[in-house]
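Peer 1: Would you mind keeping the following structure in view while I ask a few things?
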Amino acid sequence: MDKHPYIVRDDRGVPVVNGTTIPVSHIVEYVDRLSYQPEKVAEVLSLKAEQVYDALSFYQENREEIDGQMEDNDLYYWYQWSRF
C-alpha cells in the first residue's frame, strides 16, 4: 500500500492530487495562508476530505520541497503583477 495513495507526480515532477491537476502546494496555501479547514478546502476544490488530508500529510514529510514550490509561485505572481 502506498504511503500517500492520493498523491502522484505530474509530468513536471510536481506532487498533485491523483486524477487532478491540483498541486499539493495549493492545498497547503488554502490551509496555511487562508486558514481554511481541510473539509472546506475539499469542498472548494471538489475533492474528498481524505485527499486533502493526504496532501497535508505529504507536505509534512516533504516540507522543504513544497515550501520551495510555494516560494516560486509567489515570485511568479509578483512578477506578473509588477508588469502592469
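The values are calculated or read from the model by the stated rules, or taken from the named source; none is laboratory data. These figures come from a predicted structure and were not determined experimentally. Backbone-built Cβ (ideal geometry, glycine too); neighbour counts: all protein chains shown.
Peer 1: For residue 49, are the conditions met, namely being more than 12 Å from the chain's Cα centre (by Cα) and modelled with pLDDT of 95 or more?
Peer 2: Values: more than 12 Å from the chain's Cα centre (by Cα): yes; modelled with pLDDT of 95 or more: yes.
Considered against the rule, which asks whether it is more than 12 Å from the chain's Cα centre (by Cα) and modelled with pLDDT of 95 or more, residue 49 comes out as yes.
Peer 1: Let me ask something else about it. When the residues of region 21-49 are narrowed to those that are of a type in the set (Ser, Thr, Tyr) and within 21 Å of residue 68 (Cβ to Cβ), which ends up surrounded by the fewest Cβ atoms within 10 Å (Cβ to Cβ)?
Peer 2: Within region 21-49, the first condition is being of a type in the set (Ser, Thr, Tyr), and the residues that meet it are 21, 25, 30, 35-36, 46.
Narrowing further to those that are within 21 Å of residue 68 (Cβ to Cβ): 21, 25, 30.
Details: 21: 9, 25: 21, 30: 19.
By that ranking, first place goes to 21.
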